[in-house]
Every structure is written in C-alpha cells, then in structure tokens.
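The values are calculated or read from the model by the stated rules, or taken from the named source; none is laboratory data. Owing to the predicted nature of the structure, the values given are computational and were not obtained by experimental measurement. Here the Cβ is made from the backbone with ideal geometry for all residues, glycine too, and neighbour counts use every protein chain on show. Calculation scope for accessible area: heavy atoms of the full protein, side chains included, ligands and nucleic acids excluded. Shrake-Rupley method; radii C 1.70, N 1.55, O 1.52, S 1.80 Å.
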Amino acid sequence: MKIFKFFIVIALFLAFNLPAKPSFAQEQTSETQINQNENSESEFLTTETTKKSEKKKDKDIVEINAKFFISIAIDIATVLIIILLIYYPNNKKMDYIFTFIIFNLVIFLLTFVLNKVKISMGAAFGLFAVFSMLRYRTEGITMKDMTYLFIFIAVGLIGAIQLEYYTLAVMNGLIILVTFILDGNVIIRRELSKNIQYEQIEMIKPENHEKLIEDLKNRTGLDIHRIVINKIDFLKDTAIIRIYFYEK
C-alpha cells in the first residue's frame, strides 16, 4: 500500500511539473514566425547589398555636365592669357607652347576623372610614377620654362576639382597677376644673357675690365652691365665671354 501511494505521488509530481506538449497549431505558428524572421533578414541583406552596389555605380559614373564645360573654359582662358600676354611677349619662344597646352589639358582631364572614379592605390602610384619619369632629353629646358610648365599643370589641377566659379576665378586671376608682375618687366627688370667669342685677349685682364665692357657695348649696341669670362683659349687668342644686359 505504501508503495502504491509512493507511485501516485510521483505521478502527480510529474504531471504538474512537465511542460505541456504544444499543439499542432502552435507548432505551425512558431514555424511561420521563424520563416518570416528569416525572410525579413534575407530581404534586409539583399536591400543593403543593392544599396552598396548602387552607391559604387554612382561613384564610378563620370558625368559631363555644364560645370565641367565652364571649368574647362576658365582653365583654357587662363592658359591662353598667360601664353599670349605674358610668356610669348617676354620670351619670344614658341617651342614649348604646344607642350604647355597639352600638359594642361591632359592634367585637367586626368584629375577630373580621378576625382570621380575610385581606383586602387597601386594604379594611382603607377600613374604618378609615369609622370615622374618624364624627361626632356633631346633639348635642355630652362628653369623659367620649367616654372611655366609647373604653372600650367597647377592651373589644370585647380580647375579639375570643380571649385565654385568665384573661387576658381580668384585663384586663376591671382596666378596671372603674380606671373605678370614677376615676368612682365614691371617690378623686376628683365636681364638677358648670351655668349660671345672675343678676340682681343689682352682686354680680359682685371685692370681692363671697364674698358672691356665699354668695347662690348660699342660693338654690340647692348646695355651691358656685367660680364663673366667662361673660357680662354691662348692658342687662338680668343675668349668666350658671357654678357648680361637689360632688355630695352
């Protein structure tokens, strides 16, 4: 009898403490909720992937709009003003005009494209490495011509990043003004130089320095203010003298 009561107590304990088995409807509901959660997560991931791909496509699209044409027009106008009003009137050289214009235009287009399209770091370094290897080996380029080349490269870079029109006009105007002041014979007087072969070898002595300058002035008709003796040839009794004079 005691054993029978013991089994009854255990059975009642288990009946009250064991969880109730869910019904078939409850199982269907829980499975539906799980499927809905999985579907919502997959839709969220798909939406995020689509947004990222659309953003990447937007970054890789190069748009040629009205701002592009206005910027390149300001850039070309600045280049032509510097060349026609400052560089050519003061230097009388047309050897590098083609180089100046092409460099400016190519730098403008490259900067405009690189500003819109995302490229790898290796490609960017490779591109600038190509520019660093450029050399003028057929003919030496003077320091002034190299400075003008740098000016035209800088103008192309500034114009390609699409600043506001007022800011772009002010920057280009400042470049034009400073270039004109320094190379337009306004503040600094332009000094020219050339080498000549001089035959009166006795005139190169230090005590005849003033007489040598006067003789060179009379022969060349130039306003010579200083000279440098580069080479002396006693076999031919000649000297190579570099004369410096101001442009009239």
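Name the pairs: first residue in the range 91-107 and over 17 Å from Ile153 (Cα atoms), second residue not in a loop (DSSP other than H, G, I, E, B), Cβ to Cβ under 9 Å, at least 6 apart or on different chains?
Note: pairs meeting the criteria are Asn91/Lys144; Asn91/Asp145; Asn91/Tyr148; Asn91/Asp183; Lys93/Tyr87; Lys93/Asp145; Met94/Tyr88; Asp95/Asp145.
A quick yes/no check of all residues on (1) surrounded by 10 or more Cβ atoms within 10 Å (Cβ to Cβ); (2) at pLDDT 60 or above:
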residue	(1), (2)
Thr32	yes, no
Glu38	yes, no
Leu45	yes, no
Asp60	yes, no
Lys67	yes, yes
Ile76	yes, yes
Ile82	yes, yes
Tyr88	yes, yes
Lys92	no, yes
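Grab the helices (runs of 4 or more DSSP H) fully contained in the range 142-242, keeping just those with 3 or more residues being open to solvent by 70 Å² or more (accessible area, probe 1.4 Å) and more than 29 Å from Pro89 (Cβ to Cβ).
209-220
Residue under question is Met121, and the condition is that it be at pLDDT 85 or above and either of a type in the set (S, T, N, Q) or out of contact with any Phe, Trp or Tyr (no Cβ under 8 Å at 6 or more places or on another chain) (or both); does it hold? Don't jump to the end; show me each part of the working.
Details: at pLDDT 85 or above: no; either of a type in the set (S, T, N, Q) or out of contact with any Phe, Trp or Tyr (no Cβ under 8 Å at 6 or more places or on another chain) (or both): yes.
No; evaluated as a whole, the condition is false for this residue.
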